[in-house]
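Okay, so here's the structure we're looking at.
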Amino acid sequence: MKIDVELKNVTKKYGEIVAVDDVSFAVERGQFFSLLGPSGCGKTTTLRMISGFETPTEGEIFIEGKPMTNVPPFKRPTNLVFQNLALFPHMNVFDNIAFGLRIKKVPENEIQKRVKEMLELVRLPGYEKRKISQLSGGEKQRIAIVRALVNRPAVLLLDEPLGPLDLKLREEMIVELKRIKREVGTTFIYVTHDQGEALTMSDKIVVMNKGKVVQIGTPMEIYEKPKSKFVADFIGGTNFFEGKYTEGAVEVDGLGKISIESGAHVSKKTLLLSVKPEKICIGKKLKKVDNIFDGKVTESFYQGRAITYKVLLENDSLITVVAPSYGMERVFGIGEKVKVGWNKEDARVIT
Amino acid sequence: MNPREKEASQSPKTKKIELRGILLVVPTYLWLIVTFLIPVISVLMLSFAELHPVTKNIVSFPTMNNYLTLFTNLDYVVVLLRTLLLTVAVTISSVGLAYAVAYFITFKIMKNKYTILLAFQAPYIASYMMVLLAWRLLLGRSGVINSLLMSMGLTSGPIELLGYNAFSVWLVLTATWFPWLILPIFVSLEKIDRSLLEASQDLGASPLTTFLKVTFPLSLPGVFVAILFVFIPTIGEFVAPAVVGGTTGLMFGNLIYDFFLKGFRWDIGSAFAVCLLCIVILAVLVLFRKIGFEKLMESL
């Protein structure tokens, strides 16, 4: 597999503050690659270093195998879709998309052809003469994406472009982005704090926290096999249990034994378990589950597709349970005594 | 206006507010009518009248004689042309200088931007007359600059360009106007979203291309406002040419001043003033056509 973008031990410091701390990863050609993390984790700074607007304090960035230090943004084979889109307000849609091509002195008839192709790609044919102020949020988004794509960059960089959209439009744009990605085949590097977006679209995700890479993997690996407490909690939220390991189970104070999958665990060692809320079942009677505990519902939120319960266990720990709203016995009320349970393969050992 | 707003504007409550709004602007309009419109109309009427040089009675009305006086006398036409030329020169140089300073403050200065901006306005603490008199001392064939250069042996005789002439008028007016013009240009530069400049670079534009294709076009409203700010007062200027203009730096405003206050030919002076007014109105209209009026005002 060809590597399009590679970061080797990249660090960015602003005075005393370390924004990006020794980050390394490689993006393969044609991948949809996401940088995921909470705000302030350094993901946008990383993206801006790839696009050339920030210079790494240490380390090196390679694009298509070439080192990029001292290459200014306007000479890099990357194009960025800005967080606020940054469409030129004094130009119409055509001139916005043609901007990069005109600078590269592409012949005018070629420009006409490529802009037309791009507008067809995002299903906005005939929009050439529109003013930017006349476009809706979703339309602006599409124009910003093709204004970057029309230059046929080696890598398309996207800096949380879906942030300002409402939920429905965002879901539409996610589908749209995946389709565009499939049709053009360009490598995408996508920055987001929204784990839903990252999981849905990416081939590979880099999870960042406090300037450091905490985990790299496919969406499923990141979600199902978090390697740290941070990843387990940040991606979709989770329930933690801590206890000492004894013979295929973890002994949690005041709760009892939680059986886990056999592994090379040392006896008497403290382990941290993560159990995702949707892996926990809830009911008056539970069968065919490995771990069952008594609890009391303290809160319930009806959310259409699912119901989220907060359940207080006997050791006074509060866990979150997400129950699908199909095939439910019934909705449990606050204060009701229930049983919660999960299979041993769903209790993931973090440490 | 969407239907909802329309509905709202018809409700009795909004009508009351509208009425109150009108009451708020009425005094200002009355004031303008008394202090501006009436004098302008009087001048306009006077320009078509012929007054008796001694008795000041109206001899004939309407007549084009006053305008003929202007366009048949070559001396007056020369002064008019010089005034136009000087005004254009002052406008270009002061707006250009102000643009450079505004650009520097906006993009290159990170700390204490507004203090530096304010510091440029310091010259206006001194009265215009004082500043002009200071210039009068500096300039002139035997002024401070020339005598200094000569005593240091740098020049054998006085530099004629620094005497009292049109060049000095241009120099003085440019120097007095440009700090004030920094403000509107700064405002429109400051308004430009920085990500637009990054987007331009990201799409392959060098810093120079980015300036020409993005920064400058987006700062045009501020530039146009600055042009208005300097063009309108400069074309009617008569103090600076009187102080540092000598005989060759005389401007059209001086002619009007003389007709009104020295020759007591208010009729001819009025015709000259109306000519100037027409040029200003024309210039303003051209600028407003070039860029929408609303857009221009937004940048203020």
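Structural remarks
- Restricting the stretch A:150-168 to residues that are free of Cβ contacts under 8 Å to residues at least 60 places away in the same chain and within 12 Å of another protein chain (Cβ to nearest Cβ), the residue that is nearest to A:GLY100 (Cα to Cα) is A:VAL150.
- Considering the stretch A:88-108, and only residues there that are under 19 Å from B:ARG194 (Cβ atoms) and more than 8 Å from every other protein chain (Cβ to nearest Cβ), the residue that is surrounded by the most Cβ atoms within 10 Å (Cβ to Cβ) turns out to be A:ASN96.
- Remark: A:ARG147 falls outside the filter, which requires a residue to be within 12 Å of chain B (Cβ to nearest Cβ), surrounded by fewer than 19 Cβ atoms within 10 Å (Cβ to Cβ) and within 26 Å of A:GLU28 (Cα to Cα).
- For A:PRO161, the conditions (1) modelled with pLDDT of 90 or more; (2) crowded, with 19+ Cβ neighbours inside 10 Å are fulfilled apart from (1).
- Tallying residues that are within 9 Å of chain B (Cβ to nearest Cβ) and surrounded by 22 or more Cβ atoms within 10 Å (Cβ to Cβ) within the stretch A:52-72 yields 1.
- Among the candidates B:THR155, B:THR209, the residue that is within 14 Å of chain A (Cβ to nearest Cβ) and over 27 Å from the mean Cα position of the chain (by Cα) is uniquely B:THR209.
- Residue within the stretch A:131-141 that is within 10 Å of chain B (Cβ to nearest Cβ), buried (at least 17 other Cβ atoms within 10 Å of the Cβ) and either among the basic types (Lys, Arg) or not in a helix (DSSP H, G or I) (or both) present: no
Residues checked against (1) assigned to a helix (DSSP H, G or I); (2) of a type outside the set (Ser, Thr, Tyr); (3) modelled with pLDDT of 90 or more:
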site: A:VAL146; (1), (2), (3): yes, yes, yes
site: A:PRO153; (1), (2), (3): no, yes, yes
site: A:LEU169; (1), (2), (3): yes, yes, no
site: A:GLU172; (1), (2), (3): yes, yes, no
site: A:PHE188; (1), (2), (3): no, yes, yes
site: A:GLY196; (1), (2), (3): yes, yes, no
site: A:LEU199; (1), (2), (3): yes, yes, yes
site: A:ILE216; (1), (2), (3): no, yes, yes
site: A:PHE230; (1), (2), (3): yes, yes, yes
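- Check on B:LEU117, within 18 Å of the chain's Cα centre (by Cα) and of a type in the set (A, V, I, L, M): no
Let's see how each residue does on (1) polar (S, T, N, Q); (2) without any contact (Cβ under 8 Å) to a residue 24 or more places away in the chain:
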{"residue": "B:LYS16", "(1), (2)": "no, yes"}
{"residue": "B:VAL26", "(1), (2)": "no, yes"}
{"residue": "B:TYR29", "(1), (2)": "no, yes"}
{"residue": "B:THR35", "(1), (2)": "yes, yes"}
{"residue": "B:VAL43", "(1), (2)": "no, no"}
{"residue": "B:LEU74", "(1), (2)": "no, yes"}
{"residue": "B:VAL77", "(1), (2)": "no, yes"}
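- The condition of being surrounded by 14 or more Cβ atoms within 10 Å (Cβ to Cβ), in contact with a Pro (Cβ under 9 Å, 6 or more places away or on another chain), without any contact (Cβ under 8 Å) to a residue 40 or more places away in the chain and of a type in the set (A, V, I, L, M, F, W, C) holds for B:LEU149.
One line per residue, one yes/no per condition, for (1) assigned by TED's automatic domain parsing to the domain that holds B:LEU255; (2) in a helix (DSSP H, G or I); (3) of a type in the set (Val, Ile, Thr):
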residue: B:ASP75; (1), (2), (3): yes, yes, no
residue: B:VAL79; (1), (2), (3): yes, yes, yes
residue: B:THR83; (1), (2), (3): yes, yes, yes
residue: B:ILE92; (1), (2), (3): yes, yes, yes
residue: B:LEU97; (1), (2), (3): yes, yes, no
residue: B:ALA102; (1), (2), (3): yes, yes, no
residue: B:LYS111; (1), (2), (3): yes, no, no
residue: B:THR115; (1), (2), (3): yes, yes, yes
residue: B:PRO123; (1), (2), (3): yes, yes, no
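- Count of the stretch B:123-143 residues which are within 23 Å of the chain's Cα centre (by Cα) and either touching a residue at least 12 places away in the same chain (Cβ under 8 Å) or surrounded by 15 or more Cβ atoms within 10 Å (Cβ to Cβ) (or both): 9
The values are calculated or read from the model by the stated rules, or taken from the named source; none is laboratory data. Remember, it's a predicted structure, so these values are computed and weren't measured experimentally. Note that we place each Cβ from the backbone using ideal geometry, even for glycine, and neighbour counts take in every protein chain shown.
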